[in-house]
Amino acid sequence: MRPATRVFRDLPALVEGAVQDLMARIAAVHATRGSCRIALAGGDTPRQMYQRLAQPDLASRIDWERIEVFWSDERCVPPTDPRSNYRMACDALLSHVPVPATGVHRIDGEAVPEEAARAYEQELGREPLDLVLLGMGADGHVASLFPGRPEATERTRKVVPAQGPKPPPQRISLTLRAINEARAVCFWVANADKADRVADVFDEIESGARMLPAAQVQPASGELLWLLDATAAGRL
Ligand code: 6PG
């Protein structure tokens, strides 16, 4: 069955719609639980959402004291490296809002990858994430789980070292187990270069032959929502 999908006329509309959806999800979690545990995605599309959320008209409406920020993946570089997903999120959002330092759970990109992955799995703990935000690569990867890679089929661990074809190759990533245990997963996908792969992913979801990592995002009991602009949804 096709996952829940919202298509927006263009990228600005997608950014606005994605951030409004995110704020509603945060408010719902705050109304029913303590803090809201969110895993941020890397990538240029998510960055634009973070920048919008950081603007005072929206940021002022969030209780940042009750937000816990995690990452769905990280590149194995220092936090000051321009390729770091942590740095991107700080530049776009976290340095502009009063989220407590204790609520920012950075993946240690400088450590030995295996050690960093095990440490992060401990930091993630047993509680499922309330929300995992994901982009999707034109090859169908999510987080740093790339097609054909062994870590993309890991079902026991929740955080693993990973390898990507895009530099820097060494990554740390949530596994599909961790992603699919989340209470909600939202994809934010834009641009025409994703259209073919989005169609492939949706075909795989509907056929049940889930090969691409993005097609294997199927929360066990949580919600799944795809938010796309019209160009990325162009072949649906
Ligand atoms: C990363 C991200 C990656 C990203 C997708 C989509 O570390 O690069 O985790 O999974 O979300 O590649 O990125 P774009 O939105 O820039 O296409």
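The values are calculated or read from the model by the stated rules, or taken from the named source; none is laboratory data. This one's a predicted model, so the numbers in the text were calculated from it and none came from an experiment. In this analysis, Cβ positions are derived from the backbone assuming ideal geometry, glycine residues included, and neighbour counts consider all displayed protein chains. For the accessible areas, the whole protein counts, side chains as well, though only heavy atoms, and no ligand, DNA or RNA atoms are used. Shrake-Rupley method; radii C 1.70, N 1.55, O 1.52, S 1.80 Å.
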Inspect segment 75-88 for any residue being touching a Leu at 6+ places or on another chain (Cβ under 7 Å), within 18 Å of residue 19 (Cα to Cα) and modelled with pLDDT of 95 or more and give the result as yes or no.
no
Condition test on residue 113, is it within 16 Å of the ligand (Cβ to nearest atom), touching a Cys at 6+ places or on another chain (Cβ under 8 Å) and open to solvent by 30 Å² or more (accessible area, probe 1.4 Å)?
yes
Selection count where residues are β-branched (Val, Ile, Thr) and surrounded by fewer than 22 Cβ atoms within 10 Å (Cβ to Cβ), scope segment 134-177:
2
Check on residue 223, farther than 13 Å from residue 136 by Cα and free of Cβ contacts under 8 Å to residues at least 40 places away in the same chain:
no
Provide a single number: the residues in segment 207-232 that are acidic (Asp, Glu) and farther than 22 Å from residue 175 by Cα.
1
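For every residue, the table says whether it meets (1) without any contact (Cβ under 8 Å) to a residue 24 or more places away in the chain; (2) under 19 Å from residue 41 (Cβ atoms); (3) within 14 Å of the ligand (Cβ to nearest atom); (4) not hydrophobic (A, V, I, L, M, F, W, C).
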| site | (1), (2), (3), (4) |
| --- | --- |
| 128 | no, yes, no, yes |
| 155 | yes, no, no, yes |
| 181 | no, yes, no, yes |
| 185 | no, yes, yes, no |
| 199 | no, no, no, no |
When you check residue 203 against the structure, is it more than 11 Å from the ligand (Cβ to nearest atom), farther than 16 Å from residue 42 by Cα and open to solvent by 60 Å² or more (accessible area, probe 1.4 Å), yes or no?
yes
Looking at segment 34-86, which of its residues are basic (Lys, Arg) and more than 15 Å from the chain's Cα centre (by Cα)?
52, 61, 66, 83
Which of the following residues is open to solvent by 20 Å² or more (accessible area, probe 1.4 Å) and in a helix (DSSP H, G or I): 24, 18?
24
Taking the options 127, 123, 68, name whichever one is assigned to a loop (DSSP other than H, G, I, E, B) and open to solvent by 10 Å² or more (accessible area, probe 1.4 Å).
127
